[in-house]
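What follows is a single structure, written as C-alpha cells, with notes after it.
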Amino acid sequence: MAKRVSVDTWLFTVTLFLVFIGLVMVFSASAVMAKERYGTGYFFLLRQLMWAVAGLAAMIAAMRIDYRRFKAPAIVFSLLGITTLMLISVFFLDRAHHTHRWIHWGGFSFQPSELAKPALIFFLAYFLESRTKSMDDWRNTLLPAVTPTLLFLGLIVFQPDLGTAIACAAITACILFVAGMEMKYLGYGLLASMLPLYFLIFHVAYRRARILAFLNPYSDPQGKGFHIIQSLIAVSTGGISGTGLMEGKQKLFYLPEPHTDFIFSVICEELGLIGAIALVILFAVFLWRGIRVALHTQDIFGKFLVVGITSMVAVQAFINISVVLGLMPTKGIPLPFISYGGSSLFLTLACVGVLLNISKQAE
Amino acid sequence: MRARRYLPALRRCKYSPSDRKFISGLKEFIRAVPVNWRLAGVGRHICLKSVRGRAVAPNTARGKNTRLYLLGGVLFLWCFAICFRLVYLQIFCYGEYEQRAEHQHQRSIEVSARRGIIYDRGGHELAMSINVESVFAVPNEIPDLRGTISLISRITHENPHEILARCEASKTFCWVERKADADVAERIRNLNLRGIHFQKESKRFYPKRELAAQVLGYVGMDDDGVSGIEREYNDELKGKPGRMVISVDARKQWFGSVEKQPEPGQNIVLTLDQQIQYIAEKELATAMQQTHAISGTVIVENPHTGEILALANEPTFNPNVSEHLNPKRLVNHAISDVYEPGSTFKTITISAALDEKLTNPNEMVDCQMGSIVVDGVRIHDSEPHGVLTVSQVLAESSDVGAIKLAFRLGNERFYQYIRAFGFGEKTGIELPHETRGLLRPVDRWSRVALASTSMGQGVGISAIQLASLISAIANDGVHIAPHIVISTDSPPPPFQTVAFHPTGERRVISSYTAAEMKQMMEGVVLRGTGKKAVLEGYSSAGKTGTAQKFDREARAYSHTKYVGSFAGFAPVNNPAIVVAVIIDSAVGLHQGGQVAAPVFQRVAQQTLEYLHIPHDVELPASRRMLMAEKHVKERDLDEGSPDHPGEAVDAQDSGQDTVASATPITQGDAESGVLPASLREPELPKQDPVKTAQVNQFPSGSQQSSVLPMPLRGPVALDIEQGGIVVPSFIGKGLRSAIETAEASGLDLDAVGSGVANEQSPPAGTHVPAGSQVTVRFAR
C-alpha cells in the first residue's frame, strides 16, 4: 500500500472539536468562579485559549516533523533527564498547599508530571523497538524498560499526585502489553504494586477517605462524600438535554474543581446525556483512529508511540469520566483536551501532532 | 458477548476497506475471548498461548496486533460502561438526584406575610407590624462554634451556654437571636461570622402600648396570635406567607431568587374608639388605685348597635413586651370572668315583672323590714326597708322586694327572661375565651334558688353580658348582640363610613316596659344607691350591684370580698352609651354605688362630651358660666358663618334650653313629641364619631331653626391628673396657625376645608393621647 500523503483527518478533526469544546466548557465552568477570584470571568478562558493556540501550533509543527527524528538517544534520554530534573526540582521550588506539583516561571506555571507521560512514551517506544523479540527477557528488557517509569512514579507519588502516577503506570502497562510482554509479568507488576498502593491509600488520611467515600458516599455527605455526591447530582440534573450551556448550578462552588478534574460533571449537567455521550464518542473515535493508525504503522517505534499517545489520551479520559460518574474513587486526573490546564493541553496536543505525523506515514 | 449485539449496528455504518479490516479484527477478538475463556479460565495462560502461537506465525505484526485489538477492546468496553452509566444516571436517576439538587440549590425560605393592621373605628393603628431581623446559625458551617457563640452572646447579652446547647442540638439550623434590635443585628453582621445568617421578620408593634391590650391580645414569636383579636382573627390577620426561593451555592451566597409574593394579612377595624378606650382605661386605673381592687372592668357600648366603644381591664399589660407577661394580666375579665352580679340582676327581675304586667312602678311592696324567710332560709336586706314602691325597690335595691316579685313570676317565666336577656349563653362577641356564665337549669331551681337569683346571687355572668342586659333596656327593650369588629378586610384608612347593621336583634321586653325601666333606673341615680353616677349636663340611669364573693376555700360567701358594680346609660331618653363598671374586691368601701358608680360618672361624662352628645340637663351654675364665657368668645369668631346660623341663638339660650328631661319623661311622652326634637335626635354616630361630627351633627333644617342644644366646647381641665395632652382651641385660627398650634401640642391635625377654623373635634380641653388626630373644619 502506498503511504498516505495527508494526515488522518478524523484524528485531526476530533482533536480540534475536543479542544474547542474544552475552551467553551472551561469558560462555562469557571466564569463565575473566575469573576469572583480574579475579577474577570475570562481569566481561565484566556489562559486556556493561549495554551490551546500554543498547543495547536506545537501540534502542527510536530505534524510536519518526521517522527523518526525522535528516534534518537539524544532526544529520548535528554527528555527523560529533563523530566527527572524538573520532577526533583519541584520539591525545592513549590510548596503551595503541601504539594509539589508546579514550576512557576514568570506568569506561567508548568506541571512537570505532565511531561513525564510523553517522556515515558518516547523512551519506551525507543527502548522496546529493538527488543520485541526478547520481551520475555525480564532482566535485559523489562527491568530497564520500567526503570524510568518506577523512578517517575516514585517522584510523582511523593509530590503527591497519585492520579498522574497511576496514569503513567497505565500508559507504561499499555505499551508493554502491546509490545508483547508476557502476561505473568503484568500480574507480577500488579501484585508488586499492591503493597505500595495499600500504604499510599490506606495510610494517607484523605485518600482513605476518598476510597471510603467512593464505596459509600452517603456515609458523610457533607464531608468525604461531598465531592462525589455533588458530581452525581450534577450529572443526573443534566438529564437528556441538559440545563443548557452556562446554566448549570453545580459548578457554582458545589463541584470541586469544576473547570479541571470535574469538568465532565459540568458538561453532563449543562449539555445533558446528548452532550456527554457525544463527548464520549469523540474520545472513542480518537481511540478508534489511534488504534487504526497503530495497526497500519509498520514501523515498530511509530507503532509504540501511537499506542502510548492514544492510550495516554483514552486512559486519562476514561479514568476522569469514571471518577466523575462514581465508577472509580476520586483521583486528580484531568480530562485530556477539555480540562483547564496549560501543561496538559500543550503536551497532549504536541503528542497528537506526533500521532498525526505517524498517521501520515502509515501504510 | 454483549458486544456482538452491536455489530449489526456497526456494520450498517459506512466504513472503508481499512475500517472493514479493523472491524474484522475486532470480530476476531470477540470470537477469541470466549474460546480463550473456555480453554482455561485464566487469562494469563491463554494469552501466553495465543501470543506464542502467533509469534511463530509468519506475520509477527499480526501477533502484536492481537494485543492491540485486546487493548482497544478493553478500552471500548470501558467506553460502553461509561455510556451505560451516563444513561443510568441521567435518565433513570434523573428525578432522584434532581430532587437532591433542588434541595441543595434552592433554599425555600418562607416569607411571612405582613400581618394585618388593627385599627380603631377612627382609623388609628392599634396594632401594626414593623420589620426586624432575626439571626440564625447553621452550626455545620461554623468552624469554631464555641468562639462564634461567645462573640455573639457578648452582643446579645444572652447566656452563651444556652445558645450553644441549642446549636449543638440541631446541626443545620438554630435561632441565635429572634427579632433583634436593628443595632444588635448590625453589630452581629459586622462580625462577619461564618455560618451566621440573617432573616427579615416582622415584629408586632402596639403603638398605643397598654391601650385595649386585652382586646388586641398579642402575638408569639412566630407571629401567631396568642390572645385577643390577634388570636380570634389570626387567620385573617396573618395573610398567606410567600416563598422566597433562593438559589444558593455551596458557600451559601444567593445568586437569584424567585419570589412568591406573600399575601398581606387583612386589616381589621374594631368598634373601639381610641379616645373612649383611653378615657375608660384612665378612669379605671384611677379607681383601681383608690380602691386597691384586684381587678376591674369597664365596658362602653352603643346600645343601638351593640358596638363596643371601649373595653378596659385592670390590671393590664404592655403587649410590646409580651415575653415577660404574667398570664393573669392577659385575662380579658370582661369576657372570660364569671362573677355574681348582685343587685344589677334585679333589673331583670323587675323588668320581667313589669313586662308580664304583674306589677307597676308605683305598686307598694312590703319589704318586711329587710327580712324574709324562704323555705326556712332567712334572707336579709343590707338595710331594713318598710313599704316601698317597686321603683323604690330598685332604687334602694331591696332584696326582699325583688324576691317577692320573682315569686310572682315563678321559675319558668323568670328563667325565660333571663335567657332572653342573653344569659347562660355566649354573647358571640368576636373575642376568644368567652364564658357563657353560670345559669342553673330551671328544672333544678328550688324556691331558694329563685329567690337568690332574683337578687343576683347564685348566678354567674360576665361583664359583657351585663352590658348587653343594660343595652337591651336602653335600646327600648331590644337585645342586640355586642360586637367589637366592624370589618375584617378593610383597606387602609380613611375608611368609608359604612352603616353598622346590628345582628341578632330580638325584643326582650316591650318598649313601654323599657321606658318604665329607664325611668326607674334614673331614679336609682337620682334618689337611690347610685347617686354618685349623676352626670353634669346629662341625665343618667343605672343600677348598682354589690355581691359577696364566693370563697372557694371556705365554701361560703366571703364577708370581706365583694364585687362592686354599676351598669347604666346616658342620656336617659335616648341613650348614647351604656357603661358597665365592675370593681372586684375593693379594699374598704366596696359597694357598687361607692366604687363603681363614680367610674361610670367620669367615663360617661367624658365620653358623652367627646361624642358631642347634646346636654339634656341643666348644667350646674359654675360650669354653665364657664362655658357661656367661653362660648361668647367663640361666637364672635363664629359670627357670619353661613354654616351655623343657629349657633348665635344657641349660645345665648344655653341657659334655659334643653332642660326638658330634668324630670323623667315616659316613653309615651317622648313619642308624642313633647320633647324637643333635638333631644330625640341625637343618634349616636354610627360609624366614626370624629367623622360624623365634622360632617355636622345637627342635621335636618327644621331643627336648626328651633332651639338647639349648646354645642359642646368641652370641660376645661376637669382632672389635672389626666394624662395626655389638653387639646387647644383651634377656633378662629387660620390653617397655618392651626398647623403650628397642633405641632406645638404634639397633635395630628386633620384639616378640612379652607379659611378660618370654625369647628374642631375633639373639642378644646379634651385630654387625648399624644399624637392623636384633631379634625378641624375650616370655612370662609
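The values are calculated or read from the model by the stated rules, or taken from the named source; none is laboratory data. Please read these numbers as outputs of a predicted model, since none were measured by experiment. Please note: Cβ atoms are built from the backbone with ideal geometry, for glycine as well, and neighbour counts cover all protein chains shown.
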Taking the range B:162-179 and keeping residues part of a strand (DSSP E or B) and β-branched (Val, Ile, Thr) leaves B:176
For the range A:319-328, the count of residues that are within 7 Å of chain B (Cβ to nearest Cβ) and either part of a loop (DSSP other than H, G, I, E, B) or free of Cβ contacts under 8 Å to residues at least 40 places away in the same chain (or both) equals 3
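So that you can scan it fast, the table gives a plain yes or no per residue for (1) free of Cβ contacts under 8 Å to residues at least 12 places away in the same chain; (2) farther than 30 Å from residue B:286 by Cα; (3) surrounded by fewer than 24 Cβ atoms within 10 Å (Cβ to Cβ):
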residue: B:520; (1), (2), (3): no, no, no
residue: B:532; (1), (2), (3): no, no, yes
residue: B:556; (1), (2), (3): yes, yes, yes
residue: B:560; (1), (2), (3): yes, no, yes
residue: B:564; (1), (2), (3): no, no, no
residue: B:572; (1), (2), (3): no, no, no
Residue A:211: passes all of (1) over 19 Å from the mean Cα position of the chain (by Cα); (2) in a helix (DSSP H, G or I); (3) within 14 Å of chain B (Cβ to nearest Cβ) but (3)
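Out of all the residues in the range B:347-364, which are in contact with a strand residue (DSSP E or B) (Cβ under 7 Å, 6 or more places away or on another chain) and either buried (at least 23 other Cβ atoms within 10 Å of the Cβ) or hydroxyl-bearing (Ser, Thr, Tyr) (or both)? Lay out the reasoning, then the answer.
First pass over the range B:347-364, keeping only residues in contact with a strand residue (DSSP E or B) (Cβ under 7 Å, 6 or more places away or on another chain): B:347, B:361-364.
Hit for the range B:347-364 is B:347, nothing else.
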Flagged in the range A:190-200 as free of Cβ contacts under 8 Å to residues at least 24 places away in the same chain and either within 14 Å of another protein chain (Cβ to nearest Cβ) or among the hydrophobic types (A, V, I, L, M, F, W, C) (or both), in numbering order, are A:190, A:191, A:192, A:194, A:195, A:197, A:199
- [ ] Report whether or not residue A:176 is more than 24 Å from residue A:333 (Cα to Cα), in contact (Cβ under 8 Å) with a residue 40 or more places away in the chain, within 14 Å of chain B (Cβ to nearest Cβ) and assigned to a helix (DSSP H, G or I).
- [x] no
Checked the range B:714-748 for anything at pLDDT 50 or above, surrounded by 17 or more Cβ atoms within 10 Å (Cβ to Cβ), in contact with a helix residue (DSSP H, G or I) (Cβ under 6 Å, 6 or more places away or on another chain) and not aromatic (Phe, Trp, Tyr); matches are B:725, B:728, B:731
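Based on what the data block shows, is residue B:412 in contact with a Lys or Arg (Cβ under 8 Å, 6 or more places away or on another chain), among the acidic types (Asp, Glu) and modelled with pLDDT of 90 or more?
Criteria not met by residue B:412.
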Given (1) touching a strand residue (DSSP E or B) at 6+ places or on another chain (Cβ under 7 Å); (2) more than 30 Å from residue B:275 (Cβ to Cβ), residue B:204 misses just (2)
When every residue in the range B:39-73 that is surrounded by 15 or more Cβ atoms within 10 Å (Cβ to Cβ) and more than 9 Å from chain A (Cβ to nearest Cβ) is compared, the one modelled with the highest pLDDT is B:73
Within the range B:429-463, residues more than 13 Å from residue B:334 (Cα to Cα), assigned to a loop (DSSP other than H, G, I, E, B) and not hydroxyl-bearing (Ser, Thr, Tyr) come out as B:439, B:440, B:441, B:445, B:455, B:456, B:457, B:458, B:459
Every listed condition ((1) surrounded by fewer than 23 Cβ atoms within 10 Å (Cβ to Cβ); (2) within 12 Å of another protein chain (Cβ to nearest Cβ)) holds for residue A:331 save (2)
Quick count over the range A:132-173, residues being at pLDDT 90 or above and outside any helix (DSSP H, G or I), is 0
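Mind checking whether some residue in the range A:257-280 is among the β-branched types (Val, Ile, Thr), under 24 Å from residue A:343 (Cα atoms) and facing chain B (nearest Cβ under 10 Å)? I'd like the intermediate steps shown before the answer.
Looking only at the range A:257-280, we keep the residues that are among the β-branched types (Val, Ile, Thr), and these are A:260, A:263, A:266-267, A:274, A:277, A:280.
Filter once more, so that each one left must be under 24 Å from residue A:343 (Cα atoms): A:260, A:263, A:266-267, A:280.
Then keep just the ones that are facing chain B (nearest Cβ under 10 Å); that gives A:280.
Checked the range A:257-280: at least one residue is among the β-branched types (Val, Ile, Thr), under 24 Å from residue A:343 (Cα atoms) and facing chain B (nearest Cβ under 10 Å).
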Note on the range A:281-295: residues more than 11 Å from residue B:79 (Cβ to Cβ) and within 7 Å of chain B (Cβ to nearest Cβ) are A:291, A:292, A:294, A:295
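I'm trying to understand the selection: among the residues of the range A:58-85, which are charged (D, E, K, R) and closer than 17 Å to residue A:126 by Cα?
The initial filter retains those residues of the range A:58-85 that are charged (D, E, K, R), namely A:64, A:66, A:68-69, A:71.
Correct list: A:66, A:68, A:69, A:71.
Keeping to the range B:382-432, report how many residues are at positive phi and hydroxyl-bearing (Ser, Thr, Tyr).
Step one: filter the range B:382-432 for residues at positive phi, giving B:397, B:410, B:422, B:424, B:428.
Checking the rest, the ones that are also hydroxyl-bearing (Ser, Thr, Tyr) come to B:397.
Adding up the residues that qualify gives 1.
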Those residues of the range A:90-104 which are surrounded by fewer than 17 Cβ atoms within 10 Å (Cβ to Cβ) and at pLDDT 70 or above amount to A:91, A:92, A:93, A:104
Result of the Cβ filter at 6 Å on the range A:297-318, keeping first residues that are within 16 Å of residue B:77 (Cβ to Cβ) and facing chain B (nearest Cβ under 10 Å) and partners that are modelled with pLDDT of 90 or more and surrounded by fewer than 24 Cβ atoms within 10 Å (Cβ to Cβ), at least 6 apart or interchain, is A:314/B:75; A:315/A:170; A:318/B:78
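When you look at residue B:328, is it within 19 Å of residue B:549 (Cβ to Cβ), assigned to a helix (DSSP H, G or I) and at pLDDT 90 or above, yes or no?
Criteria not met by residue B:328.
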Looking only at the range B:342-364, decide whether some residue is touching a Gly at 6+ places or on another chain (Cβ under 9 Å) and at pLDDT below 85. no
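Would you please name the residue that is farthest from residue A:23 (Cα to Cα), looking only at residues in the range A:247-266 that are under 18 Å from the mean Cα position of the chain (by Cα) and assigned to a helix (DSSP H, G or I)?
Narrowing the range A:247-266 to residues under 18 Å from the mean Cα position of the chain (by Cα): A:257-265.
Filter once more, so that each one left must be assigned to a helix (DSSP H, G or I): A:263-265.
Working: A:263: 11, A:264: 13, A:265: 15 Å.
Applying the filter and picking the extreme gives A:265.
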Within the range B:115-161, the count of residues that are closer than 23 Å to residue B:182 by Cβ and in a helix (DSSP H, G or I) comes to 10
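Using the structure shown, decide if residue B:245 is within 14 Å of another protein chain (Cβ to nearest Cβ), touching a Ser or Thr at 6+ places or on another chain (Cβ under 7 Å) and either at pLDDT 90 or above or assigned to a strand (DSSP E or B) (or both).
Details: within 14 Å of another protein chain (Cβ to nearest Cβ): yes; touching a Ser or Thr at 6+ places or on another chain (Cβ under 7 Å): yes; either at pLDDT 90 or above or assigned to a strand (DSSP E or B) (or both): yes.
When the stated conditions are applied, residue B:245 passes them.
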The condition from (1) more than 14 Å from every other protein chain (Cβ to nearest Cβ); (2) surrounded by fewer than 15 Cβ atoms within 10 Å (Cβ to Cβ) that residue A:161 misses is numbered (2)
